[in-house]
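Q: Dumping the structure here so I can ask a few things about it.
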Amino acid sequence: MTTITFLSDYGRDDDFVGVCHGVMAGICPAARIIDITHGLPRHEVRPAALVLRNTLPYMPVGVHLAVVDPEVGSQRRPVAVRLADGRILVGPDNGLLALAAQRCGGVVEAVDVGRSGFRREPVSATFHGRDVFAPVAAHLAAGEVLGAAGDPIDPDTLAQLALPRWRREGDAIVANVLYVDRFGNAALDITHDDLAQTGFAVGDRLELDRGGERFFAHVARMFVDVRVGEILVYEDAYGTLAVAINRGNAAETLQLAIDAELVIRRA
């Protein structure tokens, strides 16, 4: 497992990502480190968990380090887990790893790495990414067995992550915003498998009600299926229904923050 993927909310303006890279390279020089993203919303576990779930199937099987840790230094557990498909996830036990674990077959082995012999000493109270998670990930990538990384724990005790669920109200669908990307496209809690239940199809004209303000959109396959400035509802690259504006920002225009409700019906 000489591939390590790395996802965090650290950003690129500070030294945090580079220092973690350095720690991992010092322990496992042969590792190929793939940065998934470090531009996630700060301190927000659920958007990061969704990105990890969506992107992991496109990554080589290896060690997958994820750090969005608003409770660093508290009683939350730092963990490493092995999944049914052979991947190892390393990160805080705050729900960040839960959706990816489900996507990849579930957890078959888990350890608490809070007192791992692989830690850097002394351990900073505020930078477990450098002193706990990165060294543990690197040692596992270098061939150490998971059981050597920490104390065994019951996988059933790992933190889970609840997602909102769209619902039907009369002739309308009430959806919830799960994630907003840097283009202002808003992913909803309606999956590819849910689409048949909604009854929406490509070409339909929809009315979108956001807090009493109404907008009109078309169900489309691609951005170019609507004119510049028009709203479209489409299935995004990860099989999730999303709202966008062709060359615009749907989140700003419709005020679609995370957890916002959007009422959708045929126009």
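Q: Sort through 120, 82 and tell me the only one that's within 21 Å of the chain's Cα centre (by Cα), of a type in the set (Lys, Arg) and either modelled with pLDDT of 95 or more or farther than 13 Å from residue 157 by Cβ (or both).
A: 82
Table: residues versus (1) touching a Pro at 6+ places or on another chain (Cβ under 8 Å); (2) of a type in the set (Lys, Arg); (3) over 17 Å from residue 74 (Cβ atoms).
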position	(1), (2), (3)
109	yes, no, yes
112	yes, no, no
137	no, no, yes
148	no, no, yes
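Q: Right, something else. So if I check each of 138, 101, 159, which one is aliphatic (A, V, I, L, M), surrounded by 13 or more Cβ atoms within 10 Å (Cβ to Cβ) and over 20 Å from the mean Cα position of the chain (by Cα)?
A: 138
Q: When you scan region 110-125, how many residues do you find that are in contact (Cβ under 8 Å) with a residue 24 or more places away in the chain and assigned to a loop (DSSP other than H, G, I, E, B)?
A: Going through region 110-125, the residues in contact (Cβ under 8 Å) with a residue 24 or more places away in the chain turn out to be 110-118, 120, 125.
Checking the rest, the ones that are also assigned to a loop (DSSP other than H, G, I, E, B) come to 113-118, 120, 125.
Final tally of qualifying residues: 8.
Q: A further question follows. Test of understanding: among 48, 80, which residue is closer than 27 Å to residue 182 by Cβ and crowded, with 21+ Cβ neighbours inside 10 Å?
A: Every option except 48 fails the conditions.
Q: Another question, then. Hey, any hits in region 200-216 for a residue that's within 23 Å of residue 57 (Cα to Cα), part of a loop (DSSP other than H, G, I, E, B) and either hydroxyl-bearing (Ser, Thr, Tyr) or in contact (Cβ under 8 Å) with a residue 60 or more places away in the chain (or both)?
A: no
Q: Got at least one residue in region 16-38 being among the aromatic types (Phe, Trp, Tyr) and farther than 18 Å from residue 138 by Cα?
A: No, because not a single residue in region 16-38 is among the aromatic types (Phe, Trp, Tyr) and farther than 18 Å from residue 138 by Cα.
Q: Which of the residues spanning region 126-154 are in a helix (DSSP H, G or I) and either within 16 Å of residue 67 (Cα to Cα) or among the hydroxyl-bearing types (Ser, Thr, Tyr) (or both)?
A: Answer for region 126-154, where residues must be in a helix (DSSP H, G or I) and either within 16 Å of residue 67 (Cα to Cα) or among the hydroxyl-bearing types (Ser, Thr, Tyr) (or both): 128, 129, 130, 131, 132, 133, 134, 135, 136, 137, 138.
Q: Pull out all pairs, ordered by first then second residue, where Cβ-Cβ is under 6 Å, the residues are six or more apart or on different chains, the first lies in region 240-251 and is crowded, with 22+ Cβ neighbours inside 10 Å, and the second is polar (S, T, N, Q) and part of a strand (DSSP E or B).
A: Listed pairs, sorted by first residue: none to list.
Q: Taking the criterion of being touching a Leu at 6+ places or on another chain (Cβ under 9 Å), crowded, with 18+ Cβ neighbours inside 10 Å and within 24 Å of residue 181 (Cα to Cα), would at least one residue in region 104-120 satisfy it?
A: Checked against the condition, which is being touching a Leu at 6+ places or on another chain (Cβ under 9 Å), crowded, with 18+ Cβ neighbours inside 10 Å and within 24 Å of residue 181 (Cα to Cα), region 104-120 yields at least one hit.
Q: Would you mind stating whether residue 212 is surrounded by fewer than 18 Cβ atoms within 10 Å (Cβ to Cβ) and modelled with pLDDT under 95? Before the answer, list the steps.
A: Numbers: surrounded by fewer than 18 Cβ atoms within 10 Å (Cβ to Cβ): yes; modelled with pLDDT under 95: yes.
Taking the combined requirement at face value, the residue satisfies it.
Q: So, in region 164-207, of the ones that are loosely packed, with under 12 Cβ neighbours inside 10 Å and hydrophobic (A, V, I, L, M, F, W, C), which residue ends up farthest from the chain's Cα centre (by Cα)?
A: Within region 164-207, the match that is farthest from the chain's Cα centre (by Cα) is 201.
Q: Please enumerate the residues belonging to region 176-218 that are out of contact with any helix residue (DSSP H, G or I) (no Cβ under 9 Å at 6 or more places or on another chain), among the β-branched types (Val, Ile, Thr) and farther than 21 Å from residue 162 by Cα.
A: Passing the criteria: only 198.
Q: Continuing with the same structure: Give me the pairs: first residue in region 37-62 and under 12 Å from residue 7 (Cα atoms), second residue assigned to a helix (DSSP H, G or I) and charged (D, E, K, R), beta-carbon distance under 7 Å, and six or more apart or on different chains, which are they?
A: Close Cβ pairs satisfying both conditions: 53/103; 56/103.
The values are calculated or read from the model by the stated rules, or taken from the named source; none is laboratory data. Only a predicted model underlies this, so the values are computations on that prediction, with no experimental measurement involved. Ideal geometry is used to build each Cβ from the backbone, glycine not excepted, and the neighbour counts take in all protein chains shown.
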